[in-house]
Amino acid sequence: MEINTHNAEILLSVANKSHYPQDELPEIALAGRSNVGKSSFINTMLNRKNLARTSGKPGKTQLLNFFNIDDKMRFVDVPGYGYARVSKKEREKWGRMIEEYLTTRENLRAVVSLVDLRHDPSADDVQMYEFLKYYEIPVIIVATKADKIPRGKWNKHESAIKKKLNFDPSDDFILFSSVSKAGMDQAWDAILEKL
Ligand SMILES: Nc1nc2c(ncn2[C@@H]2O[C@H](COP(=O)(O)OP(=O)(O)OP(=O)(O)O)[C@@H](O)[C@H]2O)c(=O)[nH]1
Ligand SMILES: [Mg+2]
């Protein structure tokens, strides 16, 4: 599929199913701990500075944000998990919103699940990966912030992450950086293959 990635715009921000776009465009959702770099990933992939709002402050993205890309596909930016400073009630609300989207959305083709290349995956990261595997949702693991690790150590960090996740070798694993744009072409290849 030919996609003009310059032709991208935020379409809408919603909390529940009744407001999802009503068409058949394929969607790729972004999941990951708060502050891991989901919104930055979208901006990098679309060559835009701040289309998806990023922030040093975790918990910035509160709703499901749908981005239209050239009327051919959408990215869906999902609020991050694991942000400590939210109430139990808000965490439950988040859980229902994300679970409803991931388990019922027919447009969903794959989830780009972001982890931080610098650290072992958190319990929440492992749980998200297990959740996606359980529901047989195709996963692309993107290990981001690779610019913060010297290249000579990338392999070691990759192995540690795969081990902790109990990574299925048939899934994609991509080393990525929103700063250097490392991994961007590979990420596009993996995404286009899922559409
Ligand atoms: N060095 C480096 N910093 C990054 C990278 N990706 C994201 N960041 C920084 O990490 C912070 C969080 O990035 P966001 O893209 O807002 O993270 P998010 O996952 O969307 O966060 P929430 O919306 O809170 O869930 C920002 O300060 C970004 O500039 C990267 O590849 N390298
Ligand atoms: Mg965000």
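The values are calculated or read from the model by the stated rules, or taken from the named source; none is laboratory data. Predicted, not measured: the structure shown is a model, and the values here were computed from it. No Cβ is skipped: glycine too gets one built from the backbone with ideal geometry, and neighbour counts run over all protein chains shown. Keep in mind that these areas ignore ligands, DNA and RNA; they rest on the heavy atoms of the full protein, side chains included. Shrake-Rupley method; radii C 1.70, N 1.55, O 1.52, S 1.80 Å.
With the structure loaded, tell me whether Lys133 is under 17 Å from the mean Cα position of the chain (by Cα), at positive phi and in contact (Cβ under 8 Å) with a residue 12 or more places away in the chain or whether it fails that test.
Criteria not met by Lys133.
Within the set Ser113, Ser159, Ser180, the sole residue that is of a type in the set (Ser, Thr, Tyr), within 16 Å of ligand 1 (Cβ to nearest atom) and surrounded by fewer than 16 Cβ atoms within 10 Å (Cβ to Cβ) turns out to be Ser180. Within the range 57-81, the residues that satisfy the criterion of being part of a loop (DSSP other than H, G, I, E, B), out of contact with any Pro (no Cβ under 9 Å at 6 or more places or on another chain) and more than 11 Å from ligand 2 (Cβ to nearest atom) are Asp70, Asp71. Every listed requirement among (1) outside any loop (DSSP other than H, G, I, E, B); (2) more than 15 Å from Ile191 (Cα to Cα); (3) open to solvent by less than 40 Å² (accessible area, probe 1.4 Å) is met by Ser18 save one, (3).
Restricting the range 78-88 to residues that are within 20 Å of Leu102 (Cα to Cα) and not hydroxyl-bearing (Ser, Thr, Tyr), the residue that is modelled with the lowest pLDDT is Gly82. If you take the residues in the range 45-77 that are open to solvent by less than 10 Å² (accessible area, probe 1.4 Å) and within 8 Å of ligand 1 (Cβ to nearest atom), which one is farthest from Glu99 (Cα to Cα)? Step by step, filter the range 45-77, then rank; the result is Ala52. Exactly one condition in (1) assigned to a strand (DSSP E or B); (2) away from ligand 1 (no atom under 16 Å from the Cβ) is not met by Met1; state its number. Of (1) assigned to a strand (DSSP E or B); (2) away from ligand 1 (no atom under 16 Å from the Cβ), only one is false for Met1: (1). Screening Ala31 with (1) within 19 Å of Val142 (Cα to Cα); (2) within 16 Å of ligand 2 (Cβ to nearest atom); (3) outside any strand (DSSP E or B); (4) of a type in the set (A, V, I, L, M) gives one miss only, at (3). When every residue of the range 66-76 is checked against the conditions, none turns out to be more than 18 Å from Thr5 (Cβ to Cβ) and touching a strand residue (DSSP E or B) at 6+ places or on another chain (Cβ under 7 Å).
Pro150 passes every criterion in (1) free of Cβ contacts under 8 Å to residues at least 40 places away in the same chain; (2) open to solvent by less than 40 Å² (accessible area, probe 1.4 Å) apart from (2). Answer with yes or no whether Arg105 is over 24 Å from Lys162 (Cα atoms), among the basic types (Lys, Arg) and open to solvent by 60 Å² or more (accessible area, probe 1.4 Å). No, not satisfied.
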